[in-house]
Each structure stands twice: as C-alpha cells, then as structure tokens.
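Colleague: Take a look at this one; I'll ask things after.
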Amino acid sequence: MLVMVLGLVLFFAIHLVPSNVELRNGLIARFGEGGYKAVFAALSLVGLTLIVLGFYKLQLHPGKNPILWEPPIWTRHLALALMLPAMIALVATYVPSHIHVMLKHPMLVAIKIWALAHLLANGDLASLVLFGGFLAFAVYDRISVKRRGDLGPLGKGAGPWINDVIVVVVGTALYAAIALYLHEFVIGVPPLV
C-alpha cells in the first residue's frame, strides 16, 4: 500500500503546481517552458508508475488488500456503461469540439466518471484509496480551474461539427479496445466477464 500511496502523493503534488499560478510562473521563469514541462512530465510518470506497481502488488497479495464490501453484480454493469462517456470525454480533451466546450474540462470529467465507475465496481481497500483519491482530486481540481478561469490547452474553441463526430467515434473505439482487450491485458481483469 505504501508504494501506491507514495505514487498518489507524488502524482497529485505535481498536479497541484498549476493551481498555484505564481509558483508555476516562477518555475517557468527559472527553468523555461520546456524545462518545466519536462520535469512535470517526468515526475508525473514516476508517480503514475508507483501507483500502477503498488496497485498491482496489492492485487497479487489479497491479504494486504482487505475486501471492505462485496459490490453487487449490477455495479459492474453500471461501471461498464459509465466508461463509454468517460472515454468520449477523454478524447474530447484533445480535440476542439462542441463536446469539449460543453464539458468545459473534459479530462476532469473523464477522470471523475472513471474513478466513480471503478469505485462502484470494486470493494477492496486499494481500490477505495486509488479511485477515491482520483475522484477527490478531480473534484478539487475542477473547483480550482473554475476559480482561476483556466480554460485548458484548447481554450473555448469548438471547432467544426465533424470534430464532434471524430470525438464520439474515437472515444467509442477506445472504449471497445479497452473493454475487449486492453483492460485484461494491462490490468489482468476482463471487464466483460
């Protein structure tokens, strides 16, 4: 559990930097935009790696990861259904579209839906810490970006309507790839069983 928690602390700490505009601007002034982004990406990757390794290790040793409740089977079906809009929101993060504008911060919407879906479908302590942590951070970050008026990397631009079709098609394809293959390959758990 310690490895995963250290990864979460590092990942969330580095993602708090942009919410402090003075700190972020000071780091950019000192190290340059490229240097800031390189360190941000590297520390995020280290944090994410620790999260994945720690969570994986806990799944291998059930004695270290107690089951807190046994989720009913319908929660797995609900989680599977929630992941489609999560993947569409994730793709909308990177494509200027009306969906992007409507969601305002689609990455945070995707994270909140993903975390909620996985909280519903899993009753172990590691899942509660991991997905609960991401859900809480995404809620905090959404409040933070709203307060500081951050529009994200794409701003308010909606782009042409064809971009909305692209977002839905690519998001649905990503959802299908994860549900049919990638989730089991990466996580070891087939979501469609």
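Colleague: Name the pairs: first residue in region 127-148 and more than 30 Å from His61 (Cβ to Cβ) and free of Cβ contacts under 8 Å to residues at least 60 places away in the same chain, second residue surrounded by 14 or more Cβ atoms within 10 Å (Cβ to Cβ) and charged (D, E, K, R), Cβ to Cβ under 9 Å, at least 6 apart or on different chains?
Modeller: Between residues of region 127-148 that are more than 30 Å from His61 (Cβ to Cβ) and free of Cβ contacts under 8 Å to residues at least 60 places away in the same chain and residues that are surrounded by 14 or more Cβ atoms within 10 Å (Cβ to Cβ) and charged (D, E, K, R), the close pairs are Val139/Lys112; Arg142/Lys104; Arg142/Lys112; Lys146/Lys104.
Colleague: Does Leu130 count as closer than 20 Å to Phe185 by Cα, surrounded by 20 or more Cβ atoms within 10 Å (Cβ to Cβ) and not assigned by TED's automatic domain parsing to the domain that holds Val169?
Modeller: No.
Colleague: When Pro191 is evaluated against the numbered criteria (1) part of a helix (DSSP H, G or I); (2) under 30 Å from Ile67 (Cβ atoms), which criterion, by number, is the only one it fails?
Modeller: (1)
Colleague: I would also like to ask the following. Among the listed residues Leu60, Leu90, which satisfies the condition of being at pLDDT 95 or above and not small (Gly, Ala, Ser)? Walk me through how you get there before you give the answer.
Modeller: Details: Leu60 fails: at pLDDT 95 or above.
The conditions single out Leu90.
Colleague: Within region 79-97, is even one residue surrounded by 14 or more Cβ atoms within 10 Å (Cβ to Cβ), in the same structural domain as His118 (by TED's automatic domain parsing) and among the aromatic types (Phe, Trp, Tyr)? Walk me through it before giving the result.
Modeller: Quick first cut of region 79-97, residues surrounded by 14 or more Cβ atoms within 10 Å (Cβ to Cβ) only: 79-80, 82-97.
Checking which are in the same structural domain as His118 (by TED's automatic domain parsing) leaves us with 79-80, 82-97.
Subsequent filtering for residues that are among the aromatic types (Phe, Trp, Tyr) retains 94.
Checked region 79-97: at least one residue is surrounded by 14 or more Cβ atoms within 10 Å (Cβ to Cβ), in the same structural domain as His118 (by TED's automatic domain parsing) and among the aromatic types (Phe, Trp, Tyr).
Colleague: Considering only region 1-30, state which residues are more than 28 Å from Leu128 (Cβ to Cβ) and either among the aliphatic types (A, V, I, L, M) or surrounded by 14 or more Cβ atoms within 10 Å (Cβ to Cβ) (or both). Let's see the steps before the verdict.
Modeller: Initially, region 1-30 is screened for residues more than 28 Å from Leu128 (Cβ to Cβ), giving 20-30.
Result: Val21, Leu23, Arg24, Leu27, Ile28, Ala29.
Colleague: Looking at region 154-166, can you tell me whether even one residue there is in a helix (DSSP H, G or I) and closer than 30 Å to Thr49 by Cβ?
Modeller: No - not one qualifying residue is present in region 154-166.
The values are calculated or read from the model by the stated rules, or taken from the named source; none is laboratory data. What you see is a predicted model; the values in this text were computed from it and never measured. All Cβ positions, even for glycine, are placed from backbone atoms using ideal geometry, and neighbour counts span all protein chains on display.
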